[in-house]
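Nothing in this text is a laboratory measurement; each read-out follows from the coordinates by a stated rule. Since the structure is predicted, the reported quantities are computational estimates derived from the model, not experimental observations. Cβ sites come from the backbone with ideal geometry, for glycine too, and all protein chains shown count toward neighbours.
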Amino acid sequence: MKLAKHSRFHLDAVLGSALLLAFLLMALAVPLLPLYDPYEQDLMASLAEPLATSATRTYWLGGDALGRDYLSRLSLAARVSLGISVAAVGISLVMGVALGLIAGFFRGPVEAAIMGLGDLQLAIPRVLLLIASAAVFGSSIGMLTLLLGLTSWVTYGRLARAMALSLREREFVLAAITQGASSQWNIRKHLLPNVAPNMAIIASFEFGQVVVLEASLSYLGLGVQPPLPSLGLMINEGQLYLEINPWISILPGLVIFALVAGSQFVSQRFTPESRGDGGLSRVPTV
Amino acid sequence: MAGCPAFRRFEGASVSDQPLLSVRGLTIDISTRKGTSTAVEGLSFELGRGEVLGIVGESGSGKSITMLALMGLLSSDSAALTAGQITLDGQALYSDDLSRYRRETRGGAMAMIFQEPMTSLNPVLTIGAQIGSTLRQHQPGLSSADLKARVVKLLALVGVPEPERRSRQYPHEYSGGMRQRAMIAMAIANDPKVLIADEPTTALDVTVQAQIMEVLAAARARTGASMLLVTHDLGLIAENADRVLVMYGGRVVEQGTVTEIFERPRHPYTIGLLRSLPAIDREQASLYAIPGQPPAVSERPSGCVFHPRCEMAQGRAPCSAERPPMHEVVPGHGSACHYAQETRGWADDLASRLVEAAQ
Amino acid sequence: MMSFVAKRVLQAGLTIAGVLTVGFILIRAAGDPVALLLPENATVEDAARMRAALGLDLPLWRQYLSFMADALRGDLGMSFRQQTSAVGLVLERLPATMELAFAAFAIGVILAFGLDLMLRIAGSERLRKVVLWVALTRQAIPTFWFGLLLILLFSVTLRWLPALGRGTPAHLVLPAFTLGTYELALYLRLLEASFREQETHDYVRTAYAKGLGRARVMLREILPNVLLPMVTLAGLNLGVLLGGTVVTETVFSWPGVGRLIVQAVSQRDYPVVVAGVLMTSLIFVVLNLVVDLLYAVLDPRVRLA
C-alpha cells in the first residue's frame, strides 16, 4: 500500500507570486521605459493590428481607435489600475484592521456600531454601491481609490474583530492590562502581530477582487475617465471594433486575468486548509 | 489492583483453540509534515473466540491506529499498512483481490465503537436512520418494516428508554451516554464476531462509564462476540479483560492473562504503570511516575523503545542496541525485555523503596 | 426555532431601514436637484417655489422622515429625465434582470453539483483536480471580459448566437453562460472546500466503519451536511450574482435594472440610480432572509431547539 507524500513545492504559488511581482515591477518602471507617448494620436494608425509597421516605427501592439500607440497605453493603463488597486487595498486593510480590532477589544456599543455598519455595507452589492457612489461623488482617481477602499474594509474588519475577541482573553493580554498597559499599547503590541498573517492572506485575495472592481467600473464608464487609460476603459473602447481588431479588447483583459490569477494562487496556497492544517481526513482507502 | 479477580469472564475462553483473529507482524507507517514514520512495528497478537483482549497503553503507543488498521479505516492520505497479515476466522483480510470482502466485514463480522460519542454520529440524520443504514448494508433482504422493528429492538437492548420514539430523534437530543449506547447498537446490529471498543468510556462521566461497560458485556453475552478493549484505564482492563496486551512506542511490550499481568508484571514499563496507580491499602508520600515522556512517533529510540525511561536498564548495551524479542517468561505470558528474568526482583525492590519513602 | 426566526426578521427590518438611509444620504449628496430640473431662464422665485414643492426647504431630519415614509409606501422619487416614478422604471426592467440572474444561478448550481458529485463518485482524483483548477482560472477572469470573449467567438466569428439585446431564447444563452460559468466555478470550489472540511469529521469515519461504500457515504451522510452551510453561502453569493448581473447587462445590452442604472448615471438621473440600487439591495436582503429561514427549517439542530 503506497503512502502519499506531502509535497512542499507548489507550482501555482510560485507562478502566482512571479506574475504579480513582474507586473508590479513593470508598472513601477513604466515612466522609465522607452515607450511612445500614450496620448499622441495618429489617425493613420487607427486600429492598427499588433506588429504593424509604418515608415518610421513599429506598432508593437498595434494602435487603438484614435491611433494611439497601444503598448504605451496598455502600460500606462496597467500602472493606473495597479496604483488604484494597491492603494485601495491599503486603505481597506488599515481601516478594516483598525475598526475590527477596536470593535473586538472594546466591545459594547462601539462594537455594535462598527459591526452594524459593516453588515449594512454588505447588504448592498459592492458593484452597485460603487456605481452609485461614483455617480454622486465623482470619478477622479483619488475619489475612486477612496471609494474602493471604503467599500472593501468589512472582510478585514470581521476577521480582525474575531481575532481580537479571542486574543483579548489570552493571558498575555490580561497580564499586560493588570500591569497598567494602555489599550492602545495592547492593541499595537499584542493584537496586531497576531492578526497580520491572516490579513496578508485576505489582502492578497482581495487585491484581485479590487482590480476587477475597478476594471468593471471603468468599463461601465464610471471609473477612470478618458483621456487617462485604464484596463477596463480600454476593454470598453475596443468593444465597438471587435470585428476589425479584437486585440484592443482582448489584451487588457489578459492583463487583468494575470493579476487576478496571480493573487488567487498566492492567497490560496497560504490558507491553512491547503497547508494540511485543517485536520485529518477520515476517508479511508476503500 | 493487584489480586482483584477479573469477573465477567466468558466461560470457555481459550487461546489454544483456533484463534478467531490473528495478527502477525503488523507494521503501519504514517506520513506527517516531518516525513514518514513508523507508528506501529511488527505487532503480533491473537484473539480467541468469546474472549476479551484488553489493549493498554498511553497516547502515542499506537493502539488506536492498530484498531483502525484492523478495520481497514486508515486515512488514505496519511497512513498505510506496509507489512503484516491479519486473519479473521481463517480468511486473510488484506489481500488486494479481497477488498470487497474487507468492506463486507466492516460493520458486519467486525465492528468498532469509537471514543467520542459526541462527534461520531451524523448530526443531521436520525438515530434510527443511522442504525438502519448499517442493517441495510449488511442485511439487504430486510423489508423496511422489519428494519424499523430491528432498530427499535436494538435500541431497547442497549438500554435506550422509549426506543420507538427515540429512534426518530437526532443525536443532539441524546445525552453522551445515550449516544454511546446508540453507537453500540450500531456496532452489534449485524451480530459481529469481533467487537472493537476504542476508549469507549473515556469521554463519558464516571457514573455512565460503568453502565456502558455493562451494556457491552450484555451485548457480548448475547452474541458471543470477542472484544478488543482499547484503553489507557487499567481499572477497566482489570474488570473486563481476560487477557492483556501492553503497548508502548508502537510495539507490544508485554502480554498475558489479566491475573498474570496485574499480579506478576514482567516488564519495567508495566511495573511502572501499575506502581503509578494510587494505592488504597497503604500510605504514600507521593505518587510514583515513570520518569520522562513517551517518545514522539518520529523520534523513537533504537533498540528497546522503552530504554531511555527504564530504571532497570542502567545503561546496559543490549537495551539501546537491540530490539528485545518477546520472551515467554511463563507459559502464556510474554515480555519484550532483554532482562525479563530480573523484573520480579526489581519490582519488589521498587516497592520497598516507595514504602520507605512514605515513612 | 421561533426565537431564531423573530431575530432574523427583526435584523432584516433594521438592515432595510439602514439601506434606505444610505439611499437618502446618496440622494442628498448628489446635490441640489432644483438646478437640474429647472429650465435655464427660471427665476429665483421659481427655484424657491420648486424647492418648497419638493420639500427641500424643510430641515434635514424631516426630509429624512418623509423620505422613509414614502419609501415604505413604495415611492422613491421621480425620475429627473422622465416624469415617472423611479420605482416604476425599475420595476419595468426587473423581470429581465431576474431572468438573467436566475438562469445564471441555475446553470451554476445545477452543473456544479452534478459535476462535483459525479467526479467524487467516480473517484478520479486527477480529473477533479483539473476541473478545480479550471474553476479557479475562470474565477480569475473578469466576467465582463469573458462575456466579450464569448461574443467574439460565438457571435462575431462563428455567428451562431446573437450578441446584444433580449428577445428570443437564443439571446439569453450568451449572457446566462457568461454569468453562469462564474457561478459554476464558485459553487464547485465551495462544494470542494465543504466536502473536504466535512471529511475531517468523526461521523464520516463511523459511516465507513459501518461498511458503507463511498457513494453511499458521499450522498447519504456527507451531502446533507454539506448542503446546510451551502444554503447560507448561496444566500451571501446572491449579492455577488446581482452585482455581476449589473455589469453583464451592459456588455450584452440586456434591458435590465443594471443597464437602467448605468444609463441613469450618465444622464445624472439620480433618483433612478438610487432607486435601482436600493431595490436590488432590498431584494438581496429579503432573499437572504428567506435563505436563513430555510436553513432553520433544514437543520434539525435549529429546528428542534
(request) Describe numerically, in nm with one decimal, the distance between label points set 7 Å from Cα along Cα→Cβ at A:A196 and at B:V330. (result) 6.4 nm
(request) Could you work out which residue, out of B:R309, B:R166, B:R33, moves most in a Gaussian network model of chain B, that is, has the largest mean-square fluctuation with Cα springs under 10 Å? (result) B:R33
(request) For B:A39, list long-range residues whose amide hydrogen, built 1.01 Å from N in the peptide plane, is under 5 Å from its own amide hydrogen. (result) B:I28, B:D29, B:I30
(request) Within 10 Å of each Cβ in peptide C:155-165, how many partner chain Cβ atoms are there on average? Round it to a whole number, please. (result) 1
(message) Quick check on chain C: helices-only [θ] at 222 nm, where DSSP H runs of length 4 and up contribute -39,500 (n - 2.57) each and the sum goes over total residues. Nearest 500, please.
(response) -25000 deg cm²/dmol
(request) Give a residue-ordered list of calculated ³J(HN,Hα) values for region B:295-312 (Karplus: 6.51 cos²θ - 1.76 cosθ + 1.60, θ = phi - 60°; whole Hz; x for Gly, Pro). (result) x, 5, 4, 7, 10, 6, x, 7, x, 6, 5, 9, 4, x, 9, 7, 7, 8
(request) Would you grab the residues whose amide H sits under 5 Å from the one on B:I196? Only those 5+ places off in sequence or on another chain, please, with H modelled 1.01 Å from N. (result) B:A111, B:M112, B:I113, B:L228
(request) State, as an integer percentage, the relative contact order of chain C based on alpha-carbon contacts under 8 Å between residues 6 or more apart. (result) 28 percent
(message) Tell me the volume per residue, in Å³, of the convex hull enclosing the alpha carbons of chain B.
(response) 149 Å³
(request) Go ahead and set up a Gaussian network model of chain C, Cα springs under 10 Å, then flag whichever of C:I261, C:I151, C:I121 fluctuates most. (result) C:I121
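I need the helices of chain C that pass two filters: whole DSSP H segments spanning 20 Å or more by Cα along the axis, and mean Kyte-Doolittle score no lower than -1.0.
In chain C, the long hydrophobic H runs are C:2-29, C:86-122, C:125-140, C:169-198, C:223-252, C:270-298.
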(request) Quickly estimate the mean residue ellipticity at 222 nm for chain B, helices only: each DSSP H run with n ≥ 4 gives -39500 (n - 2.57), and the total goes over all residues, rounded to 500. (result) -9500 deg cm²/dmol
(request) Determine the dipole magnitude for chain C: charges of +1 sit on the beta-carbon of Lys and Arg, -1 on that of Asp and Glu, nothing else is charged, the reference point is the Cα centre, and the result goes in debye to the nearest 20. (result) 1060 debye
(request) Please work out how many pairs of lysine residues in the protein assembly as shown are eight or more positions apart (or on different chains) and have Cα atoms closer than 22 angstrom. (result) 12
(request) For an R0 of 51 angstrom, estimate the FRET efficiency from the Cβ-Cβ distance between C:R303 and A:E40 and round to the nearest 0.05. (result) 0.15
(request) Can you put C:V19, C:V247 in order of Cβ neighbours within 10 angstrom, beginning with the fewest? (result) C:V19, C:V247
(message) For B:H327, what residues show an amide H to amide H distance below 5 Å, using hydrogens built from the backbone and excluding near sequence neighbours?
(response) B:S335, B:A336, B:C337
(request) Can you put B:C310, B:C304 in order of Cβ neighbours within 10 angstrom, beginning with the fewest? (result) B:C310, B:C304
(request) Just name one of C:T248, C:L190, C:L100: the one whose Cα is farthest towards the positive end of the charge dipole of region C:93-266 (beta-carbon charges, Lys/Arg +1, Asp/Glu -1). (result) C:L190
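Using a Förster distance of 22 Å, how high is the FRET efficiency between B:R24 and B:E322, based on the Cβ-Cβ distance and rounded to 0.05?
In this case the efficiency is close to 0.55.
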(message) Quick one: 3J(HN,Hα) in Hz for region A:224-236, Karplus 6.51/-1.76/1.60 with θ = phi - 60°, rounded, Gly and Pro as x.
(response) 4, 9, x, x, 5, x, 8, 4, x, 4, 5, 5, 4
(request) Using a 10 Å cut-off on Cβ to Cβ distances, tally the other chain neighbours for every residue of B:186-197 and report the average as a whole number. (result) 1
(request) Considering only DSSP beta bridges where both residues belong to the protein assembly as shown, give the percentage that are antiparallel (nearest 5). (result) 65 percent
(request) Could you compute the FRET efficiency for C:Q263 and C:T84, with r as their C-beta to C-beta distance and R0 at 22 Å, rounded to 0.05? (result) 0.90
(request) Just rank C:W61, A:W247, C:W160, fewest to most, by other beta-carbon atoms within 10 angstrom. (result) C:W61, C:W160, A:W247
(message) For peptide A:117-123, what's the mean number of Cβ atoms from other chains within 10 Å of each residue's Cβ?
(response) 5
